[in-house]
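Below is one structure, written out as structure tokens, with a few remarks after it.
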Amino acid sequence: MSRRSARISKSRWAALRLFAMDVDGVLTDGTGAISSDGAETKNFSILDGMGIVRLHQAGVAVAWISGRASGATTARANELRVPYVIQGRTDKLRALQELASQLGLAAAQVCYMGDDDIDAPAITWAGLGVAPAGSMPAALKAADWVPARAAGHGAVREVCEHILAGRGQ
């Protein structure tokens, strides 16, 4: 069975204490808009936002790790009260490992979701690695699981629902 089609046990989902993810191509569909005045806009899924809020309520930490800084990302993170927002870090693995260490977590307690080559090492390191359908080949190869929903259209929510179900919520 390929890693993409592997079934993940309920206990493995239940062990997760941190769900960290890339932003562009995971929380968004990977597109953005820049207006003539230079203002950037991004579309974020409300479904994903509700999943993140529910994880927070259940005591699961959430982190966003983005290779580029964005005001739109900051605004959405503030709205959802995402406690760990790391921007401008292209070494996602190092950023993730530093955060896990800060929180006292082992890799097995971490889920990481990313869509590009720079995410692949973090996807591999995490106890549960996820890549949305349509991700770059390196991310898909590294992933343990691929959600049915597309990035920016509920893929993050699927992960949140599995984590919550694993915890009996």
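The values are calculated or read from the model by the stated rules, or taken from the named source; none is laboratory data. Keep in mind the model is a prediction, meaning the values are calculated, not measured. Cβ placement follows ideal geometry from the backbone for every residue including glycine, while neighbour counts extend to all protein chains displayed.
Selection of the range 44-90 for residues being of a type in the set (A, V, I, L, M, F, W, C), part of a loop (DSSP other than H, G, I, E, B) and touching a Lys or Arg at 6+ places or on another chain (Cβ under 7 Å) yields PHE44, ALA58, VAL60.
Between ALA20, ALA95, ALA14, ALA61, the distinction of being within 23 Å of ALA108 (Cα to Cα), touching a Pro at 6+ places or on another chain (Cβ under 7 Å) and not β-branched (Val, Ile, Thr) belongs to ALA61 only.
Out of ILE123, ILE52, which single residue is over 13 Å from LEU27 (Cβ atoms), β-branched (Val, Ile, Thr) and within 15 Å of the chain's Cα centre (by Cα)? Break it down stepwise before answering.
Working: ILE52 fails: over 13 Å from LEU27 (Cβ atoms).
Sole residue among the options that is over 13 Å from LEU27 (Cβ atoms), β-branched (Val, Ile, Thr) and within 15 Å of the chain's Cα centre (by Cα): ILE123.
Of all residues in the range 96-128, those satisfying the criterion of being closer than 14 Å to ALA63 by Cα, among the small types (Gly, Ala, Ser) and not in a loop (DSSP other than H, G, I, E, B) are ALA100, SER101, ALA122. Across the range 9-34, the number of residues qualifying as touching a strand residue (DSSP E or B) at 6+ places or on another chain (Cβ under 7 Å), closer than 13 Å to VAL60 by Cα and either free of Cβ contacts under 8 Å to residues at least 24 places away in the same chain or of a type in the set (Gly, Ala, Ser) (or both) comes to 1. Residues in the range 13-62 that are under 23 Å from LEU96 (Cβ atoms) and hydroxyl-bearing (Ser, Thr, Tyr): THR28, SER45. Look at (1) modelled with pLDDT of 95 or more; (2) surrounded by fewer than 20 Cβ atoms within 10 Å (Cβ to Cβ) and you find that ILE52 fails only one, number (2).
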